[in-house]
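Read-outs throughout are calculated quantities, based only on the coordinates presented, and are distinct from any laboratory measurement. Model, not experiment: these values are computed from the prediction. With ideal geometry, Cβ positions are generated from the backbone for all residues, glycine too; neighbour counts draw on all protein chains shown.
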Amino acid sequence: MTTERNIRLTVNGKAYESLVPVRMTLVDFLRGELDLTGTHVGCEHGVCGACTILVDGSATRSCLMLAVQADGANLMTVEGLADGPELHPLQRAFQRNHALQCGFCTPGLLMTAYEFLRDTSNPTEEQVREGISGNICRCTGYAPIVQAILDVSQEAG
Amino acid sequence: MKPARFDYYSPSSRDEALELLGQYGDDAKILAGGQSLMPMMNMRLVRPKVVIDINRIAGLSHITPRRDGGLAVGAMTRQRELERSALVLETAPLLSLAIPYIGHFQIRNRGTVGGSLAHSDPAAEIPAVCLTLDTEFELASSGGERTVKAEDFFLNHLTTALEPVELLTEIRIPQTVGNWRWGFQEVCRRDGDFALVGAATMLHLDDKGICLEARITTFGAGGTPMRMDAAEEYLSGSSVNADDRSEAARLVSDALDPISDIHASAKYRQDVGGVMVRRALEQALLAQALPFNEGEDAA
Amino acid sequence: MVQQYIGASITRKEDERFLTGRATFVDDVKLPGMVHATFVRSPHAHARIVAIDTAAALAMPGVVAVFTYDDIASLAKPIPVRLYPLPSLEPFLQYPLAQDKVRYVGDPVAIVIADSRYVAEDALDVIDVTYEPLQAVVDIEESLRDEIIIHEAPGTNLAAHYVVSTGDIDQAFRDAEYTRKERFKTNRHTGNPLETRGMVVAYDSGELTVWGATKVPHFNREVLSSLLDFPEEKMHFIEGDVGGGFGIRGEFYPEDFLVPFAAIRLGRPVKWTEDRLEHLIAANHSRDILCDIEIAMKKDGTILGIRAQVYGDMGGYIRTHGSLVPASTAGLLMGPYNVPAYECGVHCVITNKTGVGTFRAPGRYESCFIRERLLDMAAADLGIDPAELRFKNLIQPSQMPYNAGRTRADGDTIFDSGNYPQALTRALDEIGYAETNPKRWVDDAGRYHGIGIATYVKNTGRGPFEGARIVISGTGDVAVYLGITTMGQGHETTMAQICADSLGVSMEAVTIYHGNTDYIPFGGGTYGSRGTVMGGNAVHLACQNMKERILSLASTYLDTEPANLVLQTGEIFRKGAEHGPALLSLGEVAGLAENAGSDEEDSGTLEITAYFEADQLTFSYGSHAAHVAVDPETGKIEIIRYVVVEDIGRAINPLMVHGQAVGGAAQGIGATLLEELVYDDSGQLLAGSFMDYLLPTSTDVPPIESIVLEEAPSPLNPLGVKGAGEGGIVATGATLANAVSNALAPLGVQITQLPLSPSFIVKLLSS
C-alpha cells in the first residue's frame, strides 16, 4: 500500500510516530497532526518562507517536503526555540527591535536566522539581508529584523 | 492547494529506482530536492500517478575528483554542498560563482544539481553553467547507462534528452587546463528569482592575453541555455578588448530570439542578453579566479 | 515620579506569543467534527454558466456537500457597499455565488465541503461546469465604449460617474500662463497580507460563531445577519491573531456568506483557509487608476487650477468599498497645496477582472503619484527647482484649518492642522538636497543618479464613532475592551499606554481585549489609519469617564470632594499629597462600586463604556525624498537612500510609529518597482502566484530613514493624534518616479505609469 505510510520522526526533541497520507505536505502534518501550529503556511509554493523549519539542522521549506520524507528526520520548529520560559536570544532581539508586527512570518524568519547565524559569524548587514531574502515579511520593511539578527551576532561576539 | 493523489515509492537503491521507472515511465515523476516539482504538485499543475522519491538512495550524492582531473558530481548532491565545496571552487569555479544565484539558501539546502538539470528551466543557473563547462551527464535506466553531452541534453523548454525510463545519476565536469577565466552575470527582478536573462563565459587566454578559446552561454533568452557560436568564434584569437567585447555582445543580441513574458519583453532579453555577455567577459578578464564570496568560509 | 507611557517606545506586550509559535491565527483553530471548504471558481473572465454537474463530486468518499447558486437562491441578496455608497452602484454588486454568469477569473460558482482540504480539492477536479465563454473586457477605455456589456440589467459598464469641483476652473485656465496635460496610470496591485484569508464557523444550538473576522467585525456581522436572515445577537465574531490586513482582509466577501451558510446547513463546524492562488484572484485588488490631468499655472509656478478625469477599474463587481478608490484619488488630487480651482470627473468602470477594494492609502498613493509627477514636469518646463515650486504652493500653517473645498462627493475636505513646508524642509535636509548640486549625475559605472521628492497629505481617523469598554475588577486589574480590531498594529500595547496614562494606572495593570463582537455592542473597526485616532480616543474618553466615576465613589466614601483627590499609579491620593500614603486602591474602589446600589447604571460593577465621535477627519502629512541610481543598460533601479518624514500630531509609541512608516514605505517600494497584477487580453491573471507576483524582499528594500514629527497635534481629538498607518506608503510611487525621471531626464525619460520594471525602463530609454 503506497497511499499511506507510517513515519517516525523527532520534533523539538520529542519522538512521534504517525500514519500519514503520502501526499500530505510536511507543514500540514506538523500543523494538522502534531498541532504544532507555530509553523505557518503563506504560499505553499516555496516563495514566502513562512513555513521554514530546520530539517536535520538545515532551514527548509516545509511546504515543499512531504511528511513521509521526514521519516527518521530530526526537526526543529519555532516551538523548540525557547528554553522553557527562557526566550532564545533571537526571540528577545526580535521583540527589542520591534522586528514583528503581525507576527505571521516571524517563525519562519527565526528559523532562517537560526541557521544563518550558526553558519555565519559576525555577518555584515549586507550578509544578513542576503541571508533572510528568502523570507517575506509584509509588515516591517525588514530593517528591524536585520538589526535584531545583527544584535544577536554581536551578543554572541 | 494540495497535491492530487499519487502512489509513493522511496527506493533505497538505484536499481530499485530504475526498475520502478521502467515500470511506470511517463506516469512517474522523480522527486529529488522537490524545489520545483513540489510547487507544481501543490498547485496541481503536475499530477503524477507515481512519485519515486530518490532521496533515500545511497551513492547519488557525492563530489569526487575524476582520474582525468575533472569532477564527478552525484545527481542528488544538494546545491548547498556545491556552494561550500573547496573541490568545486578549485576545479569548476564557474559553478561556485553561479550557485549563490539559485533561489535562497533554504532552496539550495534542499535543491539538487540533478533536479535542476532534469527540470531544465531555461533561466536556471546550473544548466547554463553545465553547458559552458562542456559537462557530460550520465543517464541510467534498467537497460544500462549512457552518457550525453550537455549540448545534446537540453532540447527545448523544460525538455531534456532524458527518456521517461531514465534517471540522471551523475554529472561529469571536465578539467580545464591553462589560464582560464570565468564570468557569470544575470539580471533578475529580485535577487534569487529566475534570471530575466543571464550569461556565463569562460575564456582561455595565452600568456599574451590572446583568447585561445571562448565559451559563451546565455540563459533565460530561449527555450534552453544556448552557446553563442558566432560570438565565441569572433573572440577566439582576439585580445578581448573593449571593442571585441562590444562586438561579441552585438553578435549575441543578433543571435537571440527570446520570448516576452510579464517580467520582460523579448526585446529586453535580446538587448540585455548582449549586455550580460559583455559584462561577464569584463568580469572574466578582471578576475583571476573567484571574485564571488558569499561571506562564508568559502574554503 | 509618575511614568508617562504615551510617547514612550515601549516594546510590545503581545510579542511573546508570536515569537514562540503560540499565537492563534484562524487556521490554528480546530474544532471537533470540523469539515473543510473550498470553492469552484470560474476559469473564465466572462462567460455564461450553462450547467453545473456535481454528481461525481458528491459520490466521492469524504465529500460532504456541494452548494451552488440554486441552494442559496432563497437567500440570495447582493453584498452591500460599506464605504462610499452611490445609488448607481446597486446593480453592479456581487452575489455570494454566480447565478447565470461569471465576470472574472475566480468568481465563485460553488462551495465544496469535504473531510479534508485535500479531498475538497479532489472534488474540484470532478465538478463539471459548462461555460459559454464571452468576450472579456480588461481595459478601462474599451469598457467605456460599452460594446461588450458585463452587467446586462444596467446596460452599461459605467457604474458611477460624478464630478467634484471647487472654485472657477474655467477662469483658472483662462488666466493660465502655462498649462500641461498628461495621462497617468497606476498599476493594479494589492496588499497580500502574508496570512491569507480564512474562517472557521461553528453553528450550535442556534448560535453562530465565526473565527477569523477582523477589520470591521461589527459591520460584517450586520451584513451576515441581513443576508442569512439570522438574528445578529446570536452571532459571535471572533478575531484571533491576524497576519496582516492592509485594507484587503476583513471586508465582506462572498466567502463570508458561504462558509457560515454551509456551517448552518450542515450543522458542523466548517473551516476555509484561502490558499495563495485563490487569494490572488479572489481577494480585492487595488490601485488600478487611469487619470487624465491638466494643470494651469502662472509662469512663476503658482498653481491656478487643476482639472482631471479619474477612471477607476472596479473589476467585475462593485465590492464593499471599491468606489472609494477613485473617490479618494479625486479627493486628494490637489494635495497639500493652494489650488484655487479644481474639477475632477470620477468614473467607476466595470471590467472582467477581480473586484477592487482598498489597499493601504487607497487613492492617495495614486493621486500623489499623479500630482507630484506633474509638478516635477511643470517645474522642469518653467525652469523652477522642484522644491521651490512646492514651497511656493504649499498651504501655510497660518491658513489652518484649511478648507480645500468640495473635492469629494460626500463633503468638503478640511485640513485640520499642519506645517506642510516644515515637513518638506526636513525631508530636504535629511537627503541633503541643498548640498546636492546638480540633483542628477552619472557615476563611473555609467549609472544615472537622481534625487526625487514628493509631498502628501492623507486623511485619517474616519468617524463617525468608536467605542471602548473598561472594567475594573476587585483586584484592581483594568480590562479594556475595544471596538477596533488589530491585524498587527500592536494595539494591545498602544491602547494600554493610553489607558494607563489617561486613567492613572500602571501599564502592567491594563489588559487589552479586542476583536470579539461580544466585548462591546458597537465597533467601527480598524481601517484608514483610524485605530489610534478613533479607538485611542475612545479609550481615552472611557478612561476620563471612569476616572470621574472612581473619584466620585472615592470622594463619597472618604467624605470629601472629587476635586480633592487624584488617581495615580492605580491608587487614590489626596491632592497635594501624592507622595504620601494612598487612601484607596483601585480594587477597593471596585468594591465600593459593588455596594453603590442600584442608582448606578452598571449595576454594581466598575464599568464604563464610551463612544468617541468624530465628524471631521484628521490629516497626517509629510514628505518623502529618495536618491536612486539607474543602470541604463539593464533598467535596474537601486534605491540608495529613502527618507520618510511624517507628522502624525502625536506619537503614542514612536517605536511602533516608525515601524508603520518603514513597513509602509517598503510596501510602496514593492508596489512601485515590482508588484503588478497583470492580465492578458482574455482576462487571465498572469501574476497568479508568488513566482510572478513579486513581493519585495530584504534585498529590495533599503534601510528607510523615518522621521516622525509631532509639530501639529490634531485639534479634533483630546489626544491630538492623527493616523500613522499610511504615511509611509503614500508618496513612494511619486518619490521614486520623480527620482528616476530626474535621473533619466537627460535621456528624455518622464515616468507616467508604474511599476518601474527593468524592462519598462529600458523600453522608455530606447524610445
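Normalise the Cα radius of gyration of the stretch C:463-613 by 2.2 N^0.38 Å (N = residues in it) and let me know the number.
My calculation over the Cα atoms of the stretch C:463-613 gives 1.03.
What FRET efficiency comes out for C:E177 versus C:L31 if R0 is 51 angstrom and r is the Cβ-Cβ distance? Round to the nearest 0.05.
FRET efficiency, C:E177 to C:L31: 0.15.
Tell me, what is the Rg over Rh of chain B, with Rh the Kirkwood radius over Cα pairs?
Using Cα coordinates only, the ratio equals 0.97.
List the extent of the Cα atoms of the stretch A:89-156 along each of their three principal axes, largest first, rounded to whole Å.
Between the extreme Cα coordinates on each principal axis of the stretch A:89-156 lie 29, 22, 17 Å.
Please compute, over every Cα-Cα pair in the stretch C:283-331, the percentage with a separation greater than 12 angstrom.
66 percent
Once you order the gyration tensor axes a ≥ b ≥ c over the Cα atoms, which shape class does the stretch B:179-286 get: rounded for a/c under 1.5, otherwise prolate or oblate by comparing a/b with b/c?
prolate
Looking only at other chains, what is the average number of their beta-carbon atoms within 10 angstrom of each beta-carbon in B:256-266?
Mean partner-chain Cβ count within 10 Å for B:256-266: 4.
A 21 angstrom limit on the alpha carbon distance is what I want to check against. Which of C:K458/C:K722; B:K2/C:K353; C:K181/C:K298; C:K353/C:K636; C:K299/C:K392 exceed it?
The answer is B:K2/C:K353; C:K353/C:K636.
Find how many whole Å separate the alpha carbon centroid of the stretch C:50-86 from the alpha carbon centroid of the stretch C:691-763.
Each part reduced to its Cα centre gives a spacing of 41 Å.
B:D271: net charge of surrounding residues, Cβ under 12 Å, Lys/Arg +1, Asp/Glu -1, itself excluded?
+3
What is the sum of charges around A:A148, taking Lys and Arg as +1, Asp and Glu as -1, for the other residues whose C-beta is under 10 Å from the C-beta of A:A148?
The answer is +1.
Show me C:474-486, A:99-111, C:303-315 ranked by packing, highest mean number of other Cβ atoms within 10 Å first.
Descending mean neighbour count gives A:99-111, C:303-315, C:474-486.
Return the equivalent ellipsoid semi-axes of the stretch C:71-130 as a descending list in whole Å, where each equals the square root of 5 times an eigenvalue of the C-alpha gyration tensor.
Ellipsoid half-lengths, sorted descending, are 28, 13, 11 Å.
Straight-line reach from C:K575: which lysines have Cα under 25 Å away, leaving out those fewer than 8 places along the same chain?
C:K547
Hey, if you put +1 on the Cβ of every Lys and Arg and -1 on every Asp and Glu Cβ in the protein assembly as shown, which of C:S506, B:V187, C:G649 ends up farthest toward the positive end of that dipole?
The residue sitting farthest along the positive end of the dipole is C:G649.
Could you name the aspartates and glutamates in cross-link range of C:K77, using Cα to Cα under 18 Å and dropping any fewer than eight places away on the same chain?
Straight-distance partners of C:K77: C:E90, C:D100, C:D107, C:E152, C:E222, C:D229, C:E232, C:E251, C:E255, C:D256.
With +1 assigned to the C-beta of every Lys and Arg and -1 to the C-beta of every Asp and Glu, and no other charges, what is the dipole magnitude of chain B about the Cα centre in debye, to the nearest 20?
The calculated dipole for chain B is roughly 920 debye.
With runs of 4+ DSSP H residues as the only contributors, calculate the mean residue ellipticity of the protein assembly as shown at 222 nm using -39,500 (n - 2.57) per run, divided by the residue total and rounded to the nearest 500.
The per-residue figure over the protein assembly as shown is -8500 deg cm²/dmol.
If Lys and Arg each add +1 and Asp and Glu each add -1, what is the summed charge of the other residues whose beta carbon sits under 10 Å from the beta carbon of C:G62?
Around C:G62, the charge tally is -2.
For the stretch B:63-173, what mean projected area does the convex hull of the alpha carbons give, in nm²?
Directional mean of the projected Cα hull area for the stretch B:63-173 stands at 6.5 nm².
Give me a single rounded figure for B:52-60: the average over its residues of other chain Cβ atoms within 10 Å of their Cβ.
Across the residues of B:52-60, the mean count of other-chain Cβ atoms within 10 Å is 1.
Treating the angle as unsigned and between 0 and 90°, give the value, to the nearest 10°, between the Cα long axis of helix B:266-286 and the longest Cα principal axis of chain B.
Roughly 70 degrees between the two axes.
How much FRET efficiency would the formula 1/(1 + (r/R0)^6) give for C:N595 and C:D410, where r is the Cβ-Cβ distance and R0 is 30 Å, rounded to 0.05?
0.05
Using Stokes-Einstein with the Kirkwood hydrodynamic radius over Cα pairs, what translational diffusion coefficient do you get for chain C at 25 °C and a viscosity of 0.890 mPa s, in µm²/s rounded to a whole number?
90 µm²/s
Along the positive direction of the dipole of the stretch C:665-732 (beta-carbon charges: Lys, Arg +1; Asp, Glu -1; about the Cα centre), which of C:T699, C:S689, C:G728 reaches farthest?
C:G728
Where the only charges are on Cβ atoms (+1 Lys, Arg; -1 Asp, Glu), what is the dipole of the protein assembly as shown about its Cα centre, to the nearest 20 debye?
Result for the protein assembly as shown is approximately 780 debye, rounded to the nearest 20.
Order C:396-403, C:533-540, B:162-169, C:685-692 from most to least packed using the mean count of other Cβ atoms within 10 Å.
C:533-540, B:162-169, C:685-692, C:396-403
Across every pair of different alpha-carbon atoms, what Kirkwood hydrodynamic radius in Å does the protein assembly as shown reach?
32.0 Å
Filter the cross-link list A:K14/C:K30; C:K101/C:K185; C:K30/C:K271 down to pairs whose alpha-carbon distance in this structure exceeds 18 Å.
Checking Cα-Cα distances, A:K14/C:K30; C:K101/C:K185 exceed 18 Å.
Choose one answer from A:I53, A:I136, A:I145: the residue with the largest mean-square fluctuation in a GNM of chain A with alpha-carbon springs under 10 Å.
A:I136
Return the average number of partner chain Cβ atoms within 10 angstrom of each residue Cβ along peptide C:484-491.
Neighbouring Cβ atoms belonging to other protein chains average 3 per residue here.
Output the relative contact order of chain C, whole-number percent, from Cα pairs under 8 angstrom with separation of 6+ residues.
16 percent
Which one of C:L382, C:H285, C:A57 is farthest out on the positive end of the charge dipole of the protein assembly as shown, using unit charges on Cβ (Lys, Arg +1; Asp, Glu -1) and the Cα centre as origin?
Looking along the dipole axis, the top candidate is C:L382.
Find the relative contact order for chain A and round it to a whole percent, using C-alpha pairs within less than 8 Å whose residues are 6+ positions apart.
23 percent
Could you size up the charge dipole of the stretch B:7-53 around its Cα centre, putting +1 on the beta carbon of Lys and Arg and -1 on that of Asp and Glu, and report it in debye to the nearest 20?
Once rounded to the nearest 20, the dipole reads 300 debye.
Sort the stretch A:4-80 into rounded, prolate or oblate with this rule: let a ≥ b ≥ c be the square roots of the eigenvalues of the Cα gyration tensor; rounded if a/c is under 1.5, and if a/c is not under 1.5, prolate when a/b is larger than b/c, oblate otherwise.
oblate
Using a ≥ b ≥ c from the Cα gyration tensor of the stretch C:214-278 (square roots of the eigenvalues), is it rounded, prolate or oblate, where a/c under 1.5 gives rounded and otherwise the larger of a/b and b/c decides, a/b for prolate?
Oblate, because a/c is 1.5 or more while a/b does not exceed b/c.
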